[in-house]
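I have placed the structure first, in the form of structure tokens, so that the comments after it can refer back to it.
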Amino acid sequence: MSYEFLINGEFKHFTEKTYNVRRPRDGSVLATLPSAGKEDVDAAVAAAKAAYYGGWQLSDPAERQSLMLKWADLVEERADEIASLVSEDLGADAAGWKGECSYVASMLRFYAGLAVLNYGDVLSMGDDHVNYVIKVPHGVCGMMPPWNSPLQSPIQKMGPALAAGNTVVLRAPEEAPMGAMLLVKAAHDAGFPKGVVNVIVGEGPESGTALVDHPDVRLISFTGSVPTGKAIAAACARQMKRYVMELGGKSPVIVFEDANMEKALEESVAFAFAFQGQICCANTRILVQRSILDSFKEQLLKVVEGYRSSIEGSDMPVGPLFNQKVFDRTTEFTEIARKDGTILCGGSPIEQDKGYYFQPTVVEFEDDSSIVCKEEIFGPVLSLIPFEDEAEAIAIANNVNYGLASTVYSEDRQRIFRVVRRLEAGTVWANAGFKFNIHMPWGGPKDTGINREFGKYALDPYFEQKNIWLS
Ligand code: NAD
């Protein structure tokens, strides 16, 4: 199978290096791709810059809207092809990815709608002047989505950037690039002018650093780990580049003694182990009021046991971890958990001929002092932590460097109002499992990142404000 970069409206590459993309299910080679070097990044950025100054910068928002709507239609039309390839690339089932194609098409339609709603402000008017503020794009934006979100993340970055009138160079996630490359091919076929949308991909950080360091790139949008995000932010700061960062979480679920336990259990467990915990907002900590700890634990283990038996059944509904790196990290943290806490279930790899399968694992801790309760693991490891009262629950929930999402279960409405205000998180679900829609902002405080994606809020970082004094 051959895949090409898209540079200046042509499917081509300059590098002579190649690398293999592997299937997580069994480690076999899915495709051999060119591995971008500085020459590919330079060409893609030059194309994006020329396209920006050559017309896209001042393009009619209705033209951008129309192209994005065509793009959305093509993504939906090609959903079968995209989903089957992404399923091989990521190791999850194709039906889910097909649904995600519809979802990202609706995201494109949402941002197509916002492209024509770029209102500014009138600040003041004297007898001899009018003073107004308009929003203008930055220019070339470098987009770096992660492997665990091969369709949504590229669109949640490119959608608002393009709607605002920027041009983009997408660096597809190196280990799962297929979805992003097919999405960009659909953009090309929808008729975007050459150079407006470009895609490259490369093994290792070389192409990422070349993109981040390129002086003609005005903004970087990155999703990935905290150390890499901080390194990229530091590099951006040297050139006063703007950036958008989504660097993950260590999301708590707080279950009070007056909660609907059945609902809390079902929702929190489902979202602890979905996609094997390889999701930035996975429920990785369940905080349970001590008065109900024993009964909660008993029920929790039954729910997880059901989950495990279905995994170990014939059709393996739970897939593999993504790669050796994720598997090793999961194994290392599980070994620490074995020393710092009590493993209630799981704790070991699932023996398979090939692929990185790991049991859903629940670890009970006396308190939250272990690093297992603090760091993002990105594997199926759930920490169970007791608390005495509301103040302690909030303190433990906030006692991490992340703040992406939190959940609280209680039937006491006054308590819910108090707790949601005090949780340090970009999103709080109250008596609600993982709910998500395009309109809500996504991101959070602390090491989780900076700026927001999704909703109308996602457009803000892709604009500068320009004040015009007209005499
Ligand atoms: P990473 O953050 O280490 O790397 C992401 C990408 O950045 C890679 O393609 C890498 O080549 C590139 N890169 C590395 N250093 C760079 C630099 N200085 N400048 C530019 N590009 C650079 O992520 P990973 O290796 O894919 O995963 C490691 C961990 O990151 C995971 O275990 C997980 O904890 C976390 N993660 C979080 C999310 C999220 O949604 N927030 C997504 C994926 C991974």
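Looking for something closer than 30 Å to Glu366 by Cα, among the aliphatic types (A, V, I, L, M) and in contact with a Lys or Arg (Cβ under 8 Å, 6 or more places away or on another chain) - is there at least one such residue anywhere in the range 253-268?
Yes; the residues of the range 253-268 include at least one that is closer than 30 Å to Glu366 by Cα, among the aliphatic types (A, V, I, L, M) and in contact with a Lys or Arg (Cβ under 8 Å, 6 or more places away or on another chain).
Ile232 versus (1) surrounded by fewer than 24 Cβ atoms within 10 Å (Cβ to Cβ); (2) more than 22 Å from Ala115 (Cβ to Cβ); (3) within 16 Å of the ligand (Cβ to nearest atom); (4) not basic (Lys, Arg): which is the lone unmet condition?
With (1) surrounded by fewer than 24 Cβ atoms within 10 Å (Cβ to Cβ); (2) more than 22 Å from Ala115 (Cβ to Cβ); (3) within 16 Å of the ligand (Cβ to nearest atom); (4) not basic (Lys, Arg) applied to Ile232, the lone miss is (1).
So, in the range 367-381, how many residues would count as being on the phi < 0 side of the Ramachandran plot and part of a loop (DSSP other than H, G, I, E, B)? Write out each step before concluding.
Our first condition is that a residue be on the phi < 0 side of the Ramachandran plot; within the range 367-381, this holds for 367-377, 379-381.
Next, from what is left, pick out any that are part of a loop (DSSP other than H, G, I, E, B): 367-370, 374-377, 379-380.
Matching residues across the range 367-381 total 10.
Among the residues of the range 390-397, is any within 16 Å of the ligand (Cβ to nearest atom), touching a residue at least 40 places away in the same chain (Cβ under 8 Å) and of a type in the set (Asp, Glu)?
No, the range 390-397 contains no residue that is within 16 Å of the ligand (Cβ to nearest atom), touching a residue at least 40 places away in the same chain (Cβ under 8 Å) and of a type in the set (Asp, Glu).
Which one is farthest from Glu175 (Cα to Cα) among residues in the range 72-126 that are modelled with pLDDT under 90 and in a strand (DSSP E or B)?
Filtering first and then ranking leaves Met125.
Could you figure out which of (1) in a loop (DSSP other than H, G, I, E, B); (2) away from the ligand (no atom under 14 Å from the Cβ) isn't true of Ile416?
(1)
Please go through the range 365-379 and give me each residue that is crowded, with 18+ Cβ neighbours inside 10 Å and either more than 16 Å from the ligand (Cβ to nearest atom) or modelled with pLDDT under 95 (or both), ordered by number.
Once the filter is applied, which keeps residues that are crowded, with 18+ Cβ neighbours inside 10 Å and either more than 16 Å from the ligand (Cβ to nearest atom) or modelled with pLDDT under 95 (or both), the range 365-379 yields Phe365, Asp368, Ser370.
Counting only residues that are away from the ligand (no atom under 15 Å from the Cβ) and touching a strand residue (DSSP E or B) at 6+ places or on another chain (Cβ under 9 Å), how many does the range 153-189 have?
Qualifying residue count for the region: 14.
Looking only at residues in the range 204-225 that are more than 8 Å from the ligand (Cβ to nearest atom) and within 16 Å of the chain's Cα centre (by Cα), which one is farthest from Cys281 (Cα to Cα)?
Ile220
Is there a residue in the range 229-251 that is within 20 Å of the chain's Cα centre (by Cα), modelled with pLDDT under 95 and among the small types (Gly, Ala, Ser)?
Yes, some residue in the range 229-251 is within 20 Å of the chain's Cα centre (by Cα), modelled with pLDDT under 95 and among the small types (Gly, Ala, Ser).
Going residue by residue through the range 123-146, is there one that turns out to be in contact with a Phe, Trp or Tyr (Cβ under 9 Å, 6 or more places away or on another chain), more than 20 Å from Leu219 (Cα to Cα) and within 15 Å of the ligand (Cβ to nearest atom)?
The answer is no, given that none of the residues of the range 123-146 is in contact with a Phe, Trp or Tyr (Cβ under 9 Å, 6 or more places away or on another chain), more than 20 Å from Leu219 (Cα to Cα) and within 15 Å of the ligand (Cβ to nearest atom).
The values are calculated or read from the model by the stated rules, or taken from the named source; none is laboratory data. All values derive from a computational prediction rather than experimental measurement. Glycine also receives a Cβ, built like all others from the backbone with ideal geometry; neighbour counts cover every protein chain displayed.
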